[in-house]
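Trainee: What follows is a structure written as structure tokens; I'll ask about it next.
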Amino acid sequence: MPFQPVSRLEDLTLFNKLTEEEIRQILKTARQQHIQAGEFYFMQDDPAEAFYVLTKGKVRLTQFTADGQQILLRIIVPVTPFGAVALADHETYPVSAQAVEACTALVWGKTVLSQLLGRFPQMAVNAVKIMAEHVQEFQQRFTEIATQRVERRLARMILRLAHQTGVKTPRGVEVNLPLSRQDLAEMVGTTLYTVSRTLSQWESQGLIQAGRERILILHPHGLVKIAEEET
Amino acid sequence: MMTHPSGLILPESRLSDLMREHPHTIPVFLRHHMVCVGCWMSKFDTVADAVWNYGLDMETFLRELNQSAQSIPPQGTD
């Protein structure tokens, strides 16, 4: 599953098929970068000069459209890589990465990265896998926007977020992310009004409980049924 | 929650663990037209949740799962 956070650094796709000793050596070459809420790891269109793995906090990946609208593409939680485009040459970042709260990330600069890729060619293979996973997820989301009703897209987005970061509680599956209704609207390509109306409807049906920046899925299967509905 | 040490699948067995460890139970889900296979929620839901969601009979469903699982040795859990 693309963008699935892992609990241990060693489990990252980036380190597939590398030995513990090799992973240790790679981790040793990283530096730690702490930033405060509101600060940026990088801005859209900056040269992609570093690759990051978030180890603490939450990061928003956003993109500005040509008419100046800011669109939220993803929330990064530990432990997940971002800025993977730096693993390829001559690229700029397609998104901005802004800290939602105090964050810590491991950072590998371009020079260190190219040395590492030379020394551990398996890392390059793993990087391709990471990028293929990203492409796959965005293709899937694009297809959803082009073909599915809003309710279905929103249900799929909430289930995707639950799968990636949800926690099972006695009352249901909790998605605890700094996501406003406007953020959700941007992520599924609809309006704030439609998201609010749909969430309220699901709340009255007992499917979810939508708090501020928190969604509790009370009846996961009910949401799955909406997500799986044929168009 | 995984399967019982005896290899028995229980109501509280987690669906994602079950399908990973005993992939031969997957046809049972498909036969009942259940969307559990590949579902984003399968790591949160148990066999009991699935039975409740689809209005199945627990005893019959567990028997079907256990028969499928026991016909084939369990897979590694990596």
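The values are calculated or read from the model by the stated rules, or taken from the named source; none is laboratory data. Predicted model only: the values in this text are computed from it and were never measured. Cβ coordinates were reconstructed from backbone atoms using ideal geometry, including for glycine residues, and neighbour counts include every protein chain displayed. Note: areas computed on protein heavy atoms with side chains; ligands, DNA, RNA excluded. Shrake-Rupley method; radii C 1.70, N 1.55, O 1.52, S 1.80 Å.
Trainee: In terms of the Cα gyration tensor, with a ≥ b ≥ c the square roots of its eigenvalues, is the stretch A:11-80 rounded because a/c is under 1.5, prolate because a/b exceeds b/c, or oblate?
Mentor: Because a/c hits 1.5 or more and a/b exceeds b/c, the stretch A:11-80 counts as prolate.
Trainee: Given the -39500 (n - 2.57) contribution per DSSP H run of 4+ residues, what per-residue ellipticity at 222 nm results for the protein assembly as shown, rounded to the nearest 500 deg cm²/dmol?
Mentor: Working: 11 runs with 126 residues, N = 309.
The helix contribution divided over the protein assembly as shown gives -12500 deg cm²/dmol.
Trainee: Taking Cα pairs under 8 Å and at least six residues apart, what relative contact order does chain A come out at, in percent?
Mentor: 20
Trainee: Starting with the highest mean, order B:54-63, A:56-65 by the number of other Cβ atoms within 10 Å, averaged over the residues of each peptide.
Mentor: The packing order, highest mean first, is A:56-65, B:54-63.
Trainee: Just to be sure I understand the interface: list residues from the stretch B:10-54 that lose 40 Å² or more of accessible area between the chain on its own and the complete protein assembly, 1.4 Å probe.
Mentor: Buried on complex formation: B:V35, B:W40, B:M41, B:K43, B:F44, B:N53.
Trainee: With just the Cα atoms of chain A, tell me how far they stretch along each of the three principal axes, in Å, largest first.
Mentor: In descending order, the Cα extents are 56, 43, 35 Å.
Trainee: Rounded to whole Å and sorted largest first, what semi-axes of the equivalent ellipsoid does the C-alpha gyration tensor of the stretch A:146-202 yield via the square root of 5 times each eigenvalue? Display every interim value, and only then the final one.
Mentor: Numbers: eigenvalues 80, 29, 24 Å².
Each semi-axis is the square root of five times an eigenvalue, giving 20, 12, 11 Å.
Trainee: Here's another thing I want to ask about it. Sorted by mean Cβ packing within 10 Å, highest first, what order do the peptides A:163-176, B:35-48, A:15-28 take?
Mentor: Order by mean packing, descending: B:35-48, A:163-176, A:15-28.
Trainee: Name the residues whose placed amide hydrogens come within less than 5 Å of the amide hydrogen of B:C39, ignoring near sequence neighbours (fewer than 5 apart) on the same chain.
Mentor: Here nothing satisfies the definition.
Trainee: How far apart, in nm, are two points set 7 Å out from the Cα along the Cα-to-Cβ line at A:E228 and at A:S7?
Mentor: 2.7
Trainee: Sticking with the crude label model, points 7 Å out along Cα→Cβ, report the distance from B:Q67 to A:D89 in nm, one decimal please.
Mentor: The two pseudo-label positions are separated by 6.1 nm.
Trainee: With the other protein chains left in place, how much accessible area per residue, in square angstrom, belongs to the stretch A:1-153 at a 1.4 angstrom probe?
Mentor: 51
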